[in-house]
Amino acid sequence: MAQHTFLARLASVILADYSGNLTETTIILPNKRAKVFLINELKLQSEHIIFAPDIISIEDFIQDIAAIRAVDPIELLFHFYDVYLSVTEKDPQPFELFANWAKTLLQDFNEIDRYLLDPQHVLSYLKDIEDIRRWGVEPENKTALLENYVGFWKLLPAYYDALYQHLLGKGMGYQGLIYREAVNNLSHFSATAEHKKFVFAGFNALNAAEEHIVQHLLAAGLAKVYWDADRAFLDDTYHDAGLFLRRFRAQWRHYKSHPFEWIWDDFSTEKQIRVIGTPKTVGQAKIAGKLLEDIMAAPESQWDKTALVLGEENLLIPVLHALPASTTSLNITMGYSAKNNPAQILVSKFFKMHTSALQRSAYVFYYKDVLDVLTHPLIEPYAGTQHLVDTINNNNYTFITHTRLLELGPKNSALFTLLFSQWQQDNIAVLDSVSALLQAIKSNLSNENREEKITKAFIYAVFKVVNKLISHYTTHPAIGKVNTLYAIYKQVIDLAEVSFEGEPLTGLQIMGVLESRVLDFDTVIVTSMNEGNFPAGKSQQSFIPYDVKRELGLPTFKEKDAIYTYHFYHLLQRAKNIYLLYNTESEGLDAGEKSRFITQLEVEKQPRHLLTQEIYSPFLPEKAYEPLVIPKSEKVMARLREICEKGFSPSALTMYIRNPIDFYYKKILRISDVEEVEENIALNTLGTIIHEALRVLYEPFIGKFLSERDIEICFKNLDQAVLEQFKLVYKEGEIRKGRNLLAFEVAKRNIFNFLTAELELLKPKNGVEGDSVKIIALEQNYSRLLEHPDLPHPVLIAGNVDRIELRNGKIRIVDYKTGKVEARDVTLKQWENLTQDIKSDKIIQVLAYAFMYAPEVRTEETEVGIISFKNLKSGFLPFNFKQEKSVVSVVNEALAEKYIDQLVLLLKEILDPEIPFAEKL
């Protein structure tokens with residue numbers, strides 16, 4: 001990096017002032033990451049080979065003083081649960097409920113210790129507050145719940161003491177405990193470090209324990225402190241970026257007689273600051289990618305002088321996809337939660353699938369749980385289960401037994417076996433299977449591309465959590481049963497973070513806000529510059545109220561905002577080109593107002609800063625949507641000729657009228673609808689069941705006249721016929737409960753009502769005989785070749801007719817509709833533009849049936865129409881042609897010719913190579 005950076009200046013001072021005793025010098029920095037950069041600066045500035053000083057983070061340094069190792073957050077939670085069980089005498093909570101509040105309480109214990117407060121005083125204070133809140137509750141109104149609540153606050157000091165002693169006895173501790181013990185051990189440590197020198201560099205906010213340690217070493221003459229303060233923040237009494245540094249300069253005894261080092265004047269130098277607003281998270285990711293592409297295109301650009309700082313961790317994945325192709329090297333250092341990654345999502349789905357199956361008898365899987373796992377991106381390419389997915393979708397498997405699933409699945413897939421091995425009531429075995437699954441997924445990934453390397457980091461983070469759970473369950477087998485294991489897993493995964501590997505000294509640096517401490521870059525891009533992200537907002541997980549924190553000297557959101565302010569302004573302090581991106585949307589999960597930091601930059605604008613503001617909006621075309629137009633190529637015309645030879649169905653004709661593009665997709669390209677499981681029976685499936693059940697019921701009577709007794713037989717066979725059709729059409733779908741049971745009853749009721757109406761028409765009334773009905777055909781396919789001089793070649797019209805009967809001497813062609821149809825839907829007033837009107841689709845369809853059946857008719861009159869199951873009271877709805885004073889309902893020769901003319905016009909349009917398929921909106 002350039003010589004103007006803080007670490008470059010620090011390196012030059014170390015080489016100048018401490019070169020004679022570097023091995024006895026310890027450099028303490030805010031974080032571990034800065035160590036690599038400082039060593040690089042020492043290497044660049046040193047003229048000969050030297051032994052580097054010891055460079056450590058503040059946390060590691062304080063651990064050395066305390067001589068206590070830091071406990072992992074997950075391990076700490078389990079240790080605390082042991083302590084909780086030993087202290088709580090009656091009705092202890094199970095682990096998954098305990099963890100809900102324990103994580104918050106541990107944070108409070110941590111703060112109490114880091115700020116060296118008397119825990120008995122603070123925790124008793126909280127109990128007293130709760131007692132006062134319930135002062136007016138009469139003894140007879142104190143419920144068991146209230147007693148338990150008050151009892152919880154009384155036990156807080158006992159929880160703290162027991163946990164403190166428990167951890168201390170094991171030589172481990174959380175951060176606050178280590179800090180308190182370091183302060184207690186400080187005199188002994190400084191006595192053993194008489195010949196050492198300690199250099200604290202780049203700090204801003206210090207807690208009480210850190211302040212005490214640094215001041216003690218300063219007073220003992222063992223330490224030197226180099227701050228990274230800028231005059232613009234330090235001299236402004238209201239600027240939060242200098243809040244802590246002003247306090248230290250004014251309050252520390254050391255600075256009564258020593259200069260405050262270092263104070264720079266870097267922020268006021270020339271800077272170009274571009275503030276860019278754009279909608280949503282993805283918009284910011286895309287703009288960040290475009291900015292990086294432009295930066296790299298500029299001459300003398302260097303990735304290692306550029307930092308992309310993400311104000312919100314969830315932006316990482318969109319940003320990685322938006323990076324320019326020229327990004328050859330990349331270093332990601334940020335706190336990314338393990339719960340927001342693909343591997344963790346898969347494990348959650350895996351848990352859900354098996355725990356749900358365990359709760360059902362015979363270990364039955366719910367189809368959605370199975371498909372969620374099988375179609376996950378980490379599983380689908382490697383498990384070889386596409387056939388199984390198709391089978392589930394095609395057969396409407398709502399619930400699948402474990403045995404059936406193994407029968408349907410691939411036989412030689414180790415991954416499939418891992419996914420669907422039956423779980424027992426054994427937590428260790430379950431966790432072992434999760435661990436084995438993660439290892440199997442990892443083995444499928446390579447290090448060839450960036451995405452797979454990052455996915456491996458995600459998998460490893462979850463793998464570590466699972467292995468820690470295995471360790472803790474081994475020593476604490478009674479923590480929870482398998483049905484609560486997932487809840488426990490969710491609690492501890494929140495405490496885990498993903499660690500990414502990379503080369504910190506080369507390539508683009510992608511980091512979080514805290515990871516940017518001490519480091520300086522020429523070009524900085526900061527995302528998510530909205531309130532709630534920059535700064536983080538007022539919400540805080542704590543049992544200690546705000547006013548109590550202020551009284552006791554604990555940090556509140558005011559101090560946390562000041563820390564964020566310093567980090568933000570430090571990013572800008574030495575940068576030359578700055579890009580601040582924010583979400584312009586005011587509503588939604590990732591929305592909020594523009595950050596106050598942007599407003600502050602505007603109001604307190606430095607004379608040499610060039611600040612510009614832009615709003616990036618998506619490109620809006622003049623038309624929201626351009627209708628699709630597909631010309632008819634030679635292959636399309638060949639496919640049309642093939643359809644003409646095999647047969648144009650009436651439904652295909654009406655499909656073209658409704659939307660030619662649908663006709664193109666389904667008939668020309670032969671793209672069928674995606675097969676999905678119908679968890680609840682769809683309307684078209686219900687229609688198919690009703691059609692097929694009626695066919696089965698009436699089939700024995702084809703070719704004979706119906707009698708009342710025949711219909712009685714149909715009534716008797718109704719339940720069985722509908723049930724069989726459900727099993728055939730809905731296959732493995734569940735029909736014994738829920739909405740499907742209702743659909744089953746609806747189908748039976750529709751057919752029952754149809755048979756009732758049929759029976760009424762057959763019965764004699766008032767001395768007049770009932771209808772004479774002879775069934776001619778049911779669900780039978782008919783076809784007829786249409787030849788016409790206006791058509792380029794003959795066209796076969798073919799389709800399935802629901803029912804043809806001879807009723808009272810007339811041929812009646814019936815089309816069943818499960819939807820609602822009324823008389824006006826089959827009434828025609830004029831022939832012109834028949835095929836252009838979408839409302840005429842039912843007329844075109846029923847007349848096509850009449851056209852196809854016409855060669856079979858001898859001397860009988862023919863009528864054609866619809867029976868609507870949602871309008872059964874209207875009975876048979878015949879096609880009618882309304883003229884001025886008369887209505888024609890019989891399909892005579894004149895009427896048939898008129899229809900053929902309209903049909904030819906439609907077919908001529910479909911077969912015309914010059915008329916493209918144009919989408920109707």
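If you check 241, 201 for being of a type in the set (A, V, I, L, M) and modelled with pLDDT under 95, only one passes: 241.
The residues listed here are 328, 375; of these, the one that is at pLDDT 90 or above and surrounded by fewer than 16 Cβ atoms within 10 Å (Cβ to Cβ) is 375.
Does any residue of segment 432-452 turn out to be in contact with a Pro (Cβ under 8 Å, 6 or more places away or on another chain) and in contact (Cβ under 8 Å) with a residue 24 or more places away in the chain? Taking every residue of segment 432-452 in turn, at least one turns out to be in contact with a Pro (Cβ under 8 Å, 6 or more places away or on another chain) and in contact (Cβ under 8 Å) with a residue 24 or more places away in the chain.
One line per residue, one yes/no per condition, for (1) touching a His at 6+ places or on another chain (Cβ under 8 Å); (2) in a helix (DSSP H, G or I):
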{"position": "761", "(1), (2)": "no, yes"}
{"position": "771", "(1), (2)": "no, no"}
{"position": "774", "(1), (2)": "no, no"}
{"position": "779", "(1), (2)": "yes, no"}
{"position": "788", "(1), (2)": "no, no"}
{"position": "798", "(1), (2)": "no, no"}
{"position": "802", "(1), (2)": "yes, no"}
{"position": "821", "(1), (2)": "no, no"}
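Residues of segment 265-277 include at least one that is more than 18 Å from residue 524 (Cα to Cα) and over 26 Å from the mean Cα position of the chain (by Cα). Of all positions in segment 41-51, none carries a residue that is touching a residue at least 60 places away in the same chain (Cβ under 8 Å) and either crowded, with 17+ Cβ neighbours inside 10 Å or among the small types (Gly, Ala, Ser) (or both). Residues being closer than 26 Å to residue 725 by Cβ, in the same structural domain as residue 452 (by TED's automatic domain parsing) and in contact with a helix residue (DSSP H, G or I) (Cβ under 6 Å, 6 or more places away or on another chain) are entirely absent from segment 369-381. Of everything listed in (1) in contact (Cβ under 8 Å) with a residue 40 or more places away in the chain; (2) farther than 28 Å from residue 688 by Cα, the single unmet condition for residue 783 is (2). Whether a residue is in the same structural domain as residue 449 (by TED's automatic domain parsing) and part of a loop (DSSP other than H, G, I, E, B) was assessed, and residue 362 passes this test. When we screen 429, 436, 461 for residues that are part of a helix (DSSP H, G or I), among the small types (Gly, Ala, Ser) and within 24 Å of the chain's Cα centre (by Cα), the only hit is 461.
Scan segment 409-433 for residues that are among the aliphatic types (A, V, I, L, M), farther than 23 Å from residue 389 by Cα and surrounded by 15 or more Cβ atoms within 10 Å (Cβ to Cβ) and jot them down. Within segment 409-433, 430, 431 qualify. Residue-level analysis places residue 21 outside the set of residues that are assigned to a loop (DSSP other than H, G, I, E, B) and touching a residue at least 40 places away in the same chain (Cβ under 8 Å).
Counting only strands (runs of 3 or more DSSP E) wholly contained in segment 835-911, the ones carrying 1 or more residues that are modelled with pLDDT under 90 and touching a helix residue (DSSP H, G or I) at 6+ places or on another chain (Cβ under 9 Å) occupy 880-882. Consider segment 192-213 and keep the residues that are more than 41 Å from the chain's Cα centre (by Cα) and of a type in the set (D, E, K, R). The one that is nearest to residue 565 (Cα to Cα) is 211. Restricted to segment 678-737, and to residues that are assigned to a loop (DSSP other than H, G, I, E, B) and at pLDDT 70 or above, which residue is surrounded by the most Cβ atoms within 10 Å (Cβ to Cβ)? Out of the qualifying residues, it is 706. None of 389, 434, 370, 347 is farther than 20 Å from residue 481 by Cβ and either charged (D, E, K, R) or at pLDDT 90 or above (or both) except 370.
Whether a residue is under 20 Å from residue 571 (Cα atoms) and surrounded by 15 or more Cβ atoms within 10 Å (Cβ to Cβ) was assessed, and residue 353 does not pass this test.
Restricted to segment 737-772, and to residues there that are among the hydrophobic types (A, V, I, L, M, F, W, C) and more than 60 Å from the chain's Cα centre (by Cα), the residue that is nearest to residue 810 (Cα to Cα) is 762. Reported count of residues in segment 56-70, each being surrounded by 15 or more Cβ atoms within 10 Å (Cβ to Cβ), of a type outside the set (Gly, Ala, Ser) and not in a helix (DSSP H, G or I), is 2.
Per the listing 294, 240, 304, the residue uniquely assigned by TED's automatic domain parsing to the domain that holds residue 226 and either out of contact with any Asp or Glu (no Cβ under 9 Å at 6 or more places or on another chain) or charged (D, E, K, R) (or both) is 240.
Residues in segment 801-830 that are under 20 Å from residue 653 (Cα atoms) and either without any contact (Cβ under 8 Å) to a residue 40 or more places away in the chain or among the aromatic types (Phe, Trp, Tyr) (or both): 816, 830.
Across segment 540-573, what is the total count of residues that are in contact (Cβ under 8 Å) with a residue 24 or more places away in the chain and under 25 Å from residue 122 (Cβ atoms)? Residues that pass the stated criteria total 15. Of the listed requirements (1) outside the structural domain of residue 860 (by TED's automatic domain parsing); (2) over 20 Å from residue 868 (Cβ atoms); (3) touching a residue at least 60 places away in the same chain (Cβ under 8 Å), residue 723 misses just one: (3).
Residue by residue, here is whether (1) at pLDDT below 90; (2) touching a helix residue (DSSP H, G or I) at 6+ places or on another chain (Cβ under 9 Å); (3) surrounded by 16 or more Cβ atoms within 10 Å (Cβ to Cβ) holds:
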| position | (1), (2), (3) |
| --- | --- |
| 529 | no, yes, yes |
| 541 | yes, yes, no |
| 565 | no, yes, yes |
| 570 | no, yes, yes |
| 573 | no, yes, yes |
| 577 | no, yes, yes |
| 597 | no, yes, yes |
| 600 | no, yes, yes |
| 621 | yes, no, no |
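The values are calculated or read from the model by the stated rules, or taken from the named source; none is laboratory data. Predicted model only: the values in this text are computed from it and were never measured. Note that we place each Cβ from the backbone using ideal geometry, even for glycine, and neighbour counts take in every protein chain shown.
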